[in-house]
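One structure is given here, and the rest of the page talks about it.
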Amino acid sequence: MEASTTTVGGGRSRLERSSLSRLPDRSMKWGLTALAVAIVALIVYFFIRLIGESGSTFSTFGLSFVFGNDWDVSRNIYHGAPLLVGTLITSGVALAIGVPVAVATALYLTELCPRRARGPLSMLVDLLAAVPSVVYGLWGVFFLAPKLLGAEKWFANTFSFIPWIGGGASSATPTNYFIASLVLAIMILPIVSAISREVLATVPAENKEAALALGATRWEMIRMAVLPYSRSGIVGGAMLGLGRALGETIAVVLLIGDAPVIGKHLFSQGYSLAAVIANEFGEAQGVHRSALFAAGLVLFVLTLIVNVVARAYIARGTRGGRRTGSAVSAAVLAAEEGPLQ
């Protein structure tokens with residue numbers, strides 16, 4: 001009985017190859033495996049180190065560190081709810097402002113922009129990511145905040161009937177939740193736009209032509225064929241932008257107001273997890289230092305939860321987007337076959 005052999009490229013048997021010729025493949029495999037394991041080990045190390053450094057804080061304050069509303073360094077009381085709320089507010093508002101603008105920019109560049117202007121405009125949008133965060137922060141402090149203070153007071157007075165968003169015009173300050181969120185929205189725009197642009201470019205031309213063949217307008221084609229197909233990728237880009245907003249430090253330190261209380265409205269001062277670590281870690285000792293590590297742990301867990309939820313949504317959205325694209329193609333085929341029968 002002849003022994004079976006496995007052939008490789010060129011019709012040669014794998015047995016004909018020497019161990020030395022297979023060394024690059026093995027080296028690449030083990031090297032990439034080692035890098036992947038090292039990344040996971042580094043994340044686990046960070047998590048364990050944060051737990052170890054923040055242990056005294058949770059043993060002293062318990063869950064009140066997360067849900068209590070009192071951060072007072074002079075009295076050694078550390079409750080992180082104002083920091084967590086400030087982080088969620090600034091990141092959420094930044095996402096609500098930045099993602100629609102970024103997706104609209106990506107749609108224009110991929111579907112509507114003249115071919116000659118597409119490259120320069122894409123480059124200009126991407127250049128926003130090259131601006132240092134401290135420049136954004138200083139621009140917000142010295143230009144954006146003073147210019148928008150009057151508009152903020154007008155908005156608070158006009159829409160005073162809206163809970164938390166309206167009202168509080170008399171206590172509006174130049175640095176507040178809204179200004180920090182607006183600058184964060186500008187900072188995440190190039191990331192979300194670049195990813196959305198790449199995802200939208202992968203939509204099959206057949207899906208677009210199928211929608212247009214059914215009599216759809218350009219907007220209806222985008223709504224029926226382009227957006228459903230690329231929804232999961234756009235959500236992934238938005239989650240990357242959210243991660244950037246959650247961890248942003250310098251710009252938020254300059255713009256949020258550094259007030260360790262939960263603001264009563266959108267235009268009041270607040271604090272964030274990253275900002276309090278940047279401001280106070282240099283002089284922190286004892287319980288204070290442990291509390292800052294605990295703030296870092298909360299931020300780490302929050303980012304982890306966001307990523308898990310995003311991946312679950314992307315996995316579900318990918319299946320839905322592909323089914324939508326297939327449905328559009330099937331519809332146009334049925335429309336073409338109808339008159340022939």
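The values are calculated or read from the model by the stated rules, or taken from the named source; none is laboratory data. None of the values given here were measured: they were computed from a predicted structure. For neighbour counting, all protein chains shown are included, and Cβ atoms are generated from backbone atoms with ideal geometry for every residue, glycine included. Areas reflect the complete protein model, heavy atoms only, side chains present, ligands, DNA and RNA absent. Shrake-Rupley method; radii C 1.70, N 1.55, O 1.52, S 1.80 Å.
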Next item on the list: Residue by residue through region 210-220, note down the ones that are hydrophobic (A, V, I, L, M, F, W, C) and either surrounded by fewer than 21 Cβ atoms within 10 Å (Cβ to Cβ) or not in a helix (DSSP H, G or I) (or both).
Entry: L212, A213, L214, A216, W219
Next item on the list: Pull up region 35-69, narrow it to residues that are under 30 Å from K264 (Cα atoms) and open to solvent by less than 50 Å² (accessible area, probe 1.4 Å), then point me to the one that is nearest to the chain's Cα centre (by Cα).
Entry: V66
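Let's see how each residue does on (1) modelled with pLDDT of 90 or more; (2) in contact with a Gly (Cβ under 6 Å, 6 or more places away or on another chain); (3) of a type in the set (K, R):
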residue	(1), (2), (3)
G11	no, no, no
L15	no, no, no
S18	no, no, no
S21	no, no, no
R26	no, no, yes
V37	yes, no, no
V40	yes, no, no
Y45	yes, no, no
E53	no, no, no
Note to self: Consider region 275-287. How many of its residues are of a type outside the set (V, I, T), part of a helix (DSSP H, G or I) and either open to solvent by 30 Å² or more (accessible area, probe 1.4 Å) or within 12 Å of E53 (Cβ to Cβ) (or both)?
What the structure shows: 6
Checklist line | Filter result (under 12 Å from P100 (Cα atoms) and either without any contact (Cβ under 8 Å) to a residue 60 or more places away in the chain or of a type in the set (A, V, I, L, M, F, W, C) (or both)) within region 174-195 | finding: A185, I186, I188, L189, V192
Item checked: Flag for S27 being open to solvent by 40 Å² or more (accessible area, probe 1.4 Å), in a helix (DSSP H, G or I), more than 22 Å from A294 (Cβ to Cβ) and polar (S, T, N, Q) -> yes
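Here is a yes/no grid of residues against (1) free of Cβ contacts under 8 Å to residues at least 40 places away in the same chain; (2) surrounded by 13 or more Cβ atoms within 10 Å (Cβ to Cβ); (3) of a type in the set (S, T, N, Q):
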| position | (1), (2), (3) |
| --- | --- |
| L109 | no, yes, no |
| P120 | yes, no, no |
| V141 | no, yes, no |
| L149 | yes, yes, no |
| N157 | yes, yes, yes |
| I165 | no, yes, no |
